[in-house]
1. What does the convex hull of the alpha-carbon atoms of the range 105-173 project to on average, in nm²?
2. Taking the Cβ of each residue in ILE64, ILE239, ILE369 as the centre, tally the other Cβ atoms inside 10 Å and list the residues starting with the fewest.
3. Per-residue ellipticity at 222 nm for the chain, helices alone: DSSP H runs ≥ 4 residues times -39500 (n - 2.57), over residue total, nearest 500 deg cm²/dmol?
4. Of all the C-alpha pairs in the range 41-111, what % are more than 17 Å from each other?
5. May I ask for the percentage of alpha-carbon pairs in the range 131-304 that lie more than 23 Å from each other?
6. If you fit an axis through the alpha-carbon atoms of helix 101-110 and take the longest principal axis of the Cα set of the chain, what angle between them do you get, 0 to 90°, nearest 10?
7. For ALA37 paired with GLU367, estimate the spin-label separation in nm (one decimal), with each label point 7 Å from Cα along the Cα-to-Cβ line.
8. Based on alpha-carbon centroids, what's the gap between the range 97-171 and the range 190-210 in Å, whole number please?
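Here, each number is a calculation from the coordinates, and none is a lab measurement. Fair warning: this is a prediction, and the values are worked out from it, not measured in the lab. FYI the Cβ positions are ideal-geometry reconstructions off the backbone, even for glycines, and counts take in every protein chain you see.
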Amino acid sequence: MVIGLLKEIKRGENRVALTPVGVATLVARGHQLLVEAGAGNGSLIPDEAYQNAGAKIVTTAPDIFSRAEMILRVKEPQPSEYSLIRSGQIFFTFFHFAASEALTRAMIDSGAVCIAYETVGDDIGGLPILLPMSEVAGRMAAQEAAKYLERGAGGRGILPGGVAGVMPATIVVLGGGTVGTEAARMACGLGAKVYLLETDAHRLRYLAATLPKNCIVLLSNPPQIRALLGQADAIIGAILLRGAKAPHLITRDMLSLLQPGAVLIDVAIDQGGCFETSRPTTHEEPTFIVDGILHYCVANLPGAVPLTATPALTNATLPYIVALADQGWRAAARNDARIAAGINIVHGQLICAAVAEAFGQAFTGIETILNRS
């Protein structure tokens, strides 16, 4: 298979979808790798490293789009690229379709086979490609909360861990999945008083048993969230509904319950955001203020730490890339339910039920697609 590795063009994105080690693995299996010139620059990977691994360096993205059977990317295609995507071409990346009807419609119209990193599953209900990026994002969320709690950054002016004789900051984490757990763990390490809210009783017990003692684990419900707003110096939104749009757990009217200068970190912004007042921001312009409350809504948090995130992502994606390249998308999906779970759009048909629900559209089950000749 001819595989194209594109340079990221989303603002502030420094990751690349495949390391030279991944390229060498695919080349050894007989596949041809086309790498856009400069694709690895943000991750300090020179073109020569890809060439030494067996890839061919291609000057322009349109050339790769025109030749590659499968496109690899970290972030979703941008509007300037929609017309370059070919019918039947496999596009494997983070799509987060439920957050953008325009992107969803464009990919339906393209006729491409869209496989989303964030919905590829595993045998125990996990999300193995999303997992390492969630670990990174969760840890970074706590770091960003600490930074923006500083007065000069627009926050309340409080040190997360306090000092002897002075109370620490209170940080509330909404969601006890990977992002929330890592955010809570990091915030606890900074010395903050942490509340982690989660809806699943079994997960609550696990979190209560494993997180540090300065983390108070509570059942999440609207009254509980409201009760904590007045105490919170920072709130980290870490809600994930697989493939679906995130629910708004904090509405605009609830901002009045927060202390002036409180910080909202919305890690769910890729899926539409879990605060009603959220909108996507960039690493260059990460924050905005609504009703005196600072919002941080960077849609690609791990892009700021590519030397960590790029190899972690390749470690997670490479087995699936190999399967798709060796077998083609249809056979790979038939042979592996994890890959089938990642398929969101095929040849103009919407496959993911959660995305269809987000936009009130019809969808076709993956089994129907795979059973066609």
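1. Taking a quarter of the hull surface, the average projection is 8.4 nm².
2. On the way: ILE64 23, ILE239 26, ILE369 17.
Ordered by Cβ neighbours within 10 Å, fewest first: ILE369, ILE64, ILE239.
3. -10000 deg cm²/dmol
4. Considering the range 41-111, 50 percent of its Cα-Cα pairs are separated by more than 17 Å.
5. More than 23 Å apart: 30 percent of the Cα pairs in the range 131-304.
6. 10
7. It is 5.1 nm.
8. A separation of 17 Å, based on Cα centres.
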